[in-house]
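Read the figures in this text as sums done on the coordinates, not as results from a lab. From a predicted model like this one, the values you see are computed outputs, not experimental measurements. Every residue, glycine among them, receives a Cβ derived from its backbone with ideal geometry; neighbour counts consider all protein chains shown.
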Amino acid sequence: MGGVIDMEEAPMYQEIMKRGKLEIIFRQINRRFGVISPELESQIQELSNQQLDALVDVFLDFSQASDLVNWMANQE
C-alpha cells in the first residue's frame, strides 16, 4: 500500500522498542554489576536498536563490568 509506513519502521514504534530494551539491559546490569557510572549509562542509552540487540546477546558472557566497558568501546 503506497504511503503506508510499516508499523515496525515507524519512529514511535522504534522508540518504544528501544525504551523496553534499555529497561531490560539496565536491570541486568544492575543485578550483575551494581550501579554503573553515569557516563557508561549515557553511552548505553545512545546505542541503536541493533546495537542494543547485540548487547542483549553478549551480556550473559560478561563476567565483570570491565567486559561491558570493553564491549562499549568497540561500538564507537
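Mind checking which pairs have a first residue in region 35-49 that is assigned to a loop (DSSP other than H, G, I, E, B) and a second that is charged (D, E, K, R) and surrounded by fewer than 10 Cβ atoms within 10 Å (Cβ to Cβ), Cβ under 7 Å, 6 or more apart or different chains?
none
Which condition breaks for residue 22 when tested against (1) within 23 Å of residue 73 (Cα to Cα); (2) free of Cβ contacts under 8 Å to residues at least 24 places away in the same chain?
It fails just one condition, (2).
Looking for something surrounded by 10 or more Cβ atoms within 10 Å (Cβ to Cβ), part of a helix (DSSP H, G or I) and among the polar types (S, T, N, Q) - is there at least one such residue anywhere in region 58-69?
For region 58-69, residues surrounded by 10 or more Cβ atoms within 10 Å (Cβ to Cβ), part of a helix (DSSP H, G or I) and among the polar types (S, T, N, Q): present.
Could you tell me which residue of region 27-57 is surrounded by the most Cβ atoms within 10 Å (Cβ to Cβ), considering only residues that are over 30 Å from residue 9 (Cα atoms) and among the small types (Gly, Ala, Ser)?
Ranking the candidates gives 37 first.
Out of all the residues in region 5-34, which are assigned to a helix (DSSP H, G or I) and within 17 Å of residue 64 (Cα to Cα)?
25, 26, 27, 28, 29, 30, 31, 32, 33
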